[in-house]
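Worksheet for the structure shown next.
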Amino acid sequence: MKIEIWSDVVCPWCFVGKRRLETALAEFPQRDEVEVVYRSFELDPGAPRHGHELSTGVIARKYGRSEAEMRQMQQQLVDLAAEEGLAFRLFETVHTNTVDAHRLLHLALETGGAELQRDLNETLLSAYFEQARNIGDHDVLTEIATGVGLDEARVREILAGDEYADAVAADVARARAYGATGVPFFVIDEKCGVSGAQPSEVFAQLLQQAWADAHPVLQAVGGDAEACGPDGCPI
């Protein structure tokens with residue numbers, strides 16, 4: 001079974017949703033047969049490539065709220081994230097573009113498979129939300145990427161150009177085609193889609209249903225009748 005997750009590495013609900021899905025997967029009997037792949041989605045493609053302004057003020061202006069109101073809303077999210085074991089530092093995060101981080105996630109998937117991509121995604125999310133690091137900065141991205149096992153020369157080569165930008169755009173276009181307007185957005189086996197950081201119980205139900213749909217149980221009909229067995233026929 002394959003789960004594709006459209007997300008952005010500066011999306012707090014994506015981190016919360018990731019943890020909730022992981023909780024559901026931990027209790028899923030067939031978890032070793034589930035592949036999780038991350039797809040790109042840019043929440044703010046127009047964000048500065050090397051931003052320095054704190055996110056709180058930017059988001060407050062975007063939604064027409066005061067910074068005090070936005071801080072109150074963010075604190076609620078900080079408290080909720082803590083219930084999932086996440087120590088958010090939302091008041092310290094920087095508003096920055098994420099296309100370079102997404103390009104590195106594609107590099108990780110291509111060179112090291114889904115497991116390496118998941119490691120990089122986790123580290124990027126933690127760096128941004130729990131360490132308040134600027135993941136638009138190329139030196140920070142290089143440190144993070146090489147820390148999970150990517151080749152430094154290849155990482156710097158990617159960051160110096162625009163390789164994988166088309167893959168990022170293709171992911172976004174595919175999300176739009178599915179009807180997704182925000183993230184996180186989860187798609188199971190290209191058949192079942194669900195939006196938002198659902199409770200882990202909802203993810204558990206989705207996993208069970210998707211597995212059952214992909215592995216239908218044969219319903220036998222009729223009573224016993226004469227048949228040959230593994231040792232041959234009695235007559």
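If I go through region 119-176 residue by residue, how many of them are acidic (Asp, Glu) and at positive phi? Even if it seems obvious, please write down each step before you answer.
Keep residues of region 119-176 that are acidic (Asp, Glu), which gives 119, 122, 130, 137, 139, 143, 151-152, 157, 162-163, 166, 171.
Those still in the list that are at positive phi too: none.
The number of residues fulfilling the criteria is 0.
Condition test on Glu110, is it among the acidic types (Asp, Glu) and closer than 28 Å to Arg176 by Cβ?
Criteria met by Glu110.
Kindly state which helices (runs of 4 or more DSSP H) lie completely within region 1-108 and contain at least 2 residues that are touching a residue at least 60 places away in the same chain (Cβ under 8 Å) and in contact with a Pro (Cβ under 8 Å, 6 or more places away or on another chain).
Correct list: 12-26, 67-83.
Which residue, of Glu115, Glu42, Glu35, Glu84, is under 18 Å from the mean Cα position of the chain (by Cα) and within 16 Å of Val10 (Cα to Cα)?
Glu42
With the condition kept exactly as written, say whether any residue in region 76-90 is touching a strand residue (DSSP E or B) at 6+ places or on another chain (Cβ under 9 Å) and either among the charged types (D, E, K, R) or within 25 Å of Gly147 (Cα to Cα) (or both). Write out each step before concluding.
Just the residues of region 76-90 that are touching a strand residue (DSSP E or B) at 6+ places or on another chain (Cβ under 9 Å), to begin with: none.
No, region 76-90 contains no residue that is touching a strand residue (DSSP E or B) at 6+ places or on another chain (Cβ under 9 Å) and either among the charged types (D, E, K, R) or within 25 Å of Gly147 (Cα to Cα) (or both).
Looking at region 86-96, is at least one residue closer than 22 Å to Glu143 by Cα, modelled with pLDDT of 95 or more, out of contact with any His (no Cβ under 8 Å at 6 or more places or on another chain) and of a type in the set (Gly, Ala, Ser)?
yes
Restricting attention to region 88-106, and to residues there that are of a type in the set (A, V, I, L, M, F, W, C) and buried (at least 23 other Cβ atoms within 10 Å of the Cβ), which single residue is nearest to Ser126 (Cα to Cα)?
Phe88
Is there a residue in region 43-52 that is at pLDDT below 95 and either in contact with a strand residue (DSSP E or B) (Cβ under 7 Å, 6 or more places away or on another chain) or aromatic (Phe, Trp, Tyr) (or both)?
Within region 43-52 (the criterion being at pLDDT below 95 and either in contact with a strand residue (DSSP E or B) (Cβ under 7 Å, 6 or more places away or on another chain) or aromatic (Phe, Trp, Tyr) (or both)), the answer is yes, since at least one residue qualifies.
The values are calculated or read from the model by the stated rules, or taken from the named source; none is laboratory data. The structure displayed is predicted, hence computed values, not measured ones. Ideal geometry is used to build each Cβ from the backbone, glycine not excepted, and the neighbour counts take in all protein chains shown.
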